[in-house]
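The next block holds one structure in the form of structure tokens; read it before the comments.
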Amino acid sequence: MEKAGGSPSVGGSYPQKNAEILSSQYGINLFLAGLLLTFAWAVHAVGISKSHLLSYLITLMLIQLLWMLWYLCRSCTQRRLIRDKDTHAGARWLKCGITLFAVITLILDSFKIGYYIDFSNCLSPTEGIFPVTHAVHTILQVYFLWCHAKDIIQSFKTLERFGVIHSVFTNLLLWTNGVLTESKHQLNEHKERLITLGFGNITIVLDDHAPQCNCTTTTLCSIFSQGIYYLYPFNIEYHILASTMLYVLWKNIGRKVEHHQQHKTPFKFHGITVGMIFGLIVLTSTIAIVVVYLIQIGRSKIKSELALTMFYLHAIFVLALMCTAGIVALLIYRLEDRSLDNSKNPARKLDAELLVGTAAGSWLLSWGSILAIICAQAHPKYTWYNLPYSVLVIIEKYIQNLFIIESIHREQEKVNDDIKTLRIVTISRGSTLSLAASYKEIYNGRVTRDSREGPCLFQGSTSGRENNGGAGAKEEMSQENSLVMHSASDLSFYSRNPVTNNKRRILKNIAAFLFLCNLSLWIPPAFGCRPEYDNGLEEIVFGFEPWIIVVNLAMPFSIFYRMHSAASLFEVNCKT
């Protein structure tokens, strides 16, 4: 409708480009205002309280709820219309993942409601309204993403751009709020651990904005307050996943897609036993390391040093294995001659940008640790393990990013055109009939011997058998079956080359292994096992406050990188 011909197409797209620019600027200003409000609350700015921040977030969520309800109602009235879909966006496994995080987020909201009830005498009403609004927002948003994450919006495009980008930055602000709240809790524990390691000259007092009144039920308050911080990592992942899915929806507004069917590639455990076994060993050992670390750190100087040493040695071993696996996968790719898919794909482009962008968080921390080790005057024994650990973090992410980005851009293997269609020549009563059966039907064994149920492959000769008698029919059937089986065996020979199959099996095992390794490396920082906080060397070199600021800025990206890498590797495994 916006394109009327050759030159008008340019003018027709111009208002939509303006709408895209205006909506993005609206979203950025929305985010910056919330970011400054969050920062002002964190540093106890005069006249800014937590109720102001929560009121702002509640308002944003209510606006998004109204937009989502309007979109859902409009979609119901137009459900009979055929709509374009982005087959690459909103994969089922991604929806299942965000649903899992959303369920845990709802548990977190219920804990916050209980916490507010117990401290209701001294907490603002907004602290009770916020978790209720957030729970409703979470339920409706997950339903919206399940139903409409693949949509390519072609009507009310200007209005929809503002609605979607509002949703993107609302989730980013909720993510920021969760990161800040969780970080403040980690900092209080961090200061206590540094004192046990002998860094007693750190005198900064950290405030966690605790309520200034007594709890009505002490036991429940303890459960709620401790449980909230263990559930925050899942809430943080939920909001960042939601914002990325909504961003892809925003980029797809008004997009014209090629109408070709994407082959569904479900996840299968067949052929990845080795990768799964080694990955599960890494996952199990990592959980054990985290449990021991959290128990031992802060108990005494000796126990804290042993916990740090144990963490570094385990991480060095895992990262070395991951580097080796990534190099092997890249070498296999170098031996193959397959073109890359350079078609426009917002979801794939965003995946690649997030991998490199969020990896920068870990690289920043690693380079800070390397400089601290080089410049420090005194080196406790356990800090030397930090050097190979930091170097391997940089190398491993570099290799893994290259492997994942190349994998998601590689075109899937295609069967040769001469093999896709089998032409079978059947001689019946002196006449030659050329028939065709699809490669998929024959290869999967779907060509049946029953002439009444079979495809067109046997229909021509069936009519001949009916006129020629039983004996001739059996002889023809025997000849046809032998010809089909011979052709199918030839096809299997071409399509299942042993060398190609072995390469594919190795790549699938590597992807499965790296998938579980990334899940394993997500667990320690997400649940408080953070040696960047606890070894104390960086604080001496850079100063306590500067290094804490760096860690608080970089750590959320580092945590997200591992979860996003695991999701991307899951997709690579399905695609390989």
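The values are calculated or read from the model by the stated rules, or taken from the named source; none is laboratory data. The model shown is predicted, which means the values in this text are computed figures rather than measured ones. Every residue, glycine as well, gets a Cβ built from its backbone with ideal geometry; the counts of neighbours run over all protein chains shown. Only protein heavy atoms, including side chains, enter the accessible area calculation; ligands, DNA and RNA are left aside. Shrake-Rupley method; radii C 1.70, N 1.55, O 1.52, S 1.80 Å.
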| query | Only one of these conditions is not met by E571: (1) of a type in the set (D, E); (2) open to solvent by 50 Å² or more (accessible area, probe 1.4 Å); (3) at pLDDT below 80. Which number is it? | reply | (3)
| query | Taking the range 358-389 only, how many residues are under 25 Å from the mean Cα position of the chain (by Cα), under 16 Å from W547 (Cα atoms) and polar (S, T, N, Q)? | reply | 2
| Has the range 38-48 got any residue that is modelled with pLDDT under 90, within 17 Å of K157 (Cβ to Cβ) and not in a loop (DSSP other than H, G, I, E, B)? | no
| query | List pairs: first in the range 136-151 and more than 17 Å from L66 (Cα to Cα), second part of a strand (DSSP E or B) and at pLDDT below 90, Cβ under 9 Å, 6+ apart or cross-chain? | reply | K150/K85; D151/K85
| said: Among the residues of the range 309-327, are any in a helix (DSSP H, G or I), modelled with pLDDT under 90 and open to solvent by 50 Å² or more (accessible area, probe 1.4 Å)? | reply: no
| field | Every pair of residues 6+ apart whose Cβ atoms lie under 7 Å, when the first sits in the range 342-371 and is free of Cβ contacts under 8 Å to residues at least 40 places away in the same chain while the second is hydrophobic (A, V, I, L, M, F, W, C) and crowded, with 19+ Cβ neighbours inside 10 Å | value | S366/V393
| Options I442, I404, I373: the member that is at pLDDT 50 or above, more than 29 Å from S568 (Cβ to Cβ), among the aliphatic types (A, V, I, L, M) and open to solvent by less than 20 Å² (accessible area, probe 1.4 Å) | I373
| Of everything in the range 220-235 that's within 25 Å of S167 (Cβ to Cβ) and either open to solvent by 20 Å² or more (accessible area, probe 1.4 Å) or not assigned by the TED database to the domain that holds F101 (or both), which residue is farthest from the chain's Cα centre (by Cα)? | L231
| request: Could you tell me whether S110 is more than 18 Å from S243 (Cβ to Cβ), part of a helix (DSSP H, G or I), modelled with pLDDT of 90 or more and among the hydroxyl-bearing types (S, T, Y)? | output: yes
| field | Residue in the range 526-550 that is nearest to N573 (Cα to Cα), counting only those that are open to solvent by 20 Å² or more (accessible area, probe 1.4 Å), touching a residue at least 24 places away in the same chain (Cβ under 8 Å) and assigned to a helix (DSSP H, G or I) | value | E532
| Of the residues that sit in the range 75-98 and are at pLDDT 70 or above and polar (S, T, N, Q), which one is most open to solvent (accessible area, probe 1.4 Å)? | T77
